[in-house]
1. Just to verify a result, which residue in region 53-69, among those that are more than 17 Å from residue 115 (Cα to Cα) and modelled with pLDDT under 90, is nearest to the chain's Cα centre (by Cα)?
2. Looking only at region 1-52, filter to residues that are at pLDDT 85 or above and outside any helix (DSSP H, G or I); which one of those is farthest from the chain's Cα centre (by Cα)?
3. Quickly run through region 53-80 and pick out the residues that are touching a residue at least 60 places away in the same chain (Cβ under 8 Å), assigned to a strand (DSSP E or B) and closer than 20 Å to residue 108 by Cβ.
4. Would you mention how many residues in region 81-129 are assigned to a helix (DSSP H, G or I), without any contact (Cβ under 8 Å) to a residue 60 or more places away in the chain and under 22 Å from residue 41 (Cα atoms)?
């Protein structure tokens, strides 16, 4: 009789441990898709950059950040934290995806961030691609009068 009691108690402890680890795992995954955490991580990595807006990919594994002065940033979910990257003008190559809701990016200065990124809507993808397009042109080229060729 005593052995049956111990088996039931051990079974209940094992069941409790299983459910508590499942809940903890789900909570941890949800927190990494939280835009508030993304804001904190980017602010910690680049404290002098003011964030204007941000867009998260459909799967929540990447966040694109629009900064002041038409700069852009990128954050990739690395399971326990976000890897933050400030996109410098001329350091990305972008091509659209066939579904119209995303694009593929090649980061010339950080190839480990390369990948395909899909958004919830084509409108979001278009907005982020415009941010990246603004990064193709340096400030000197952007401020030059039309028809003028900037000198280096």
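The values are calculated or read from the model by the stated rules, or taken from the named source; none is laboratory data. Quick caveat, the model's predicted, so the values are computed rather than measured. All Cβ positions, glycine included, derive from the backbone under ideal geometry; neighbour counts span all protein chains shown.
1. Filtering first and then ranking leaves 54.
2. Among them, the one singled out is 48.
3. 64, 72
4. 3
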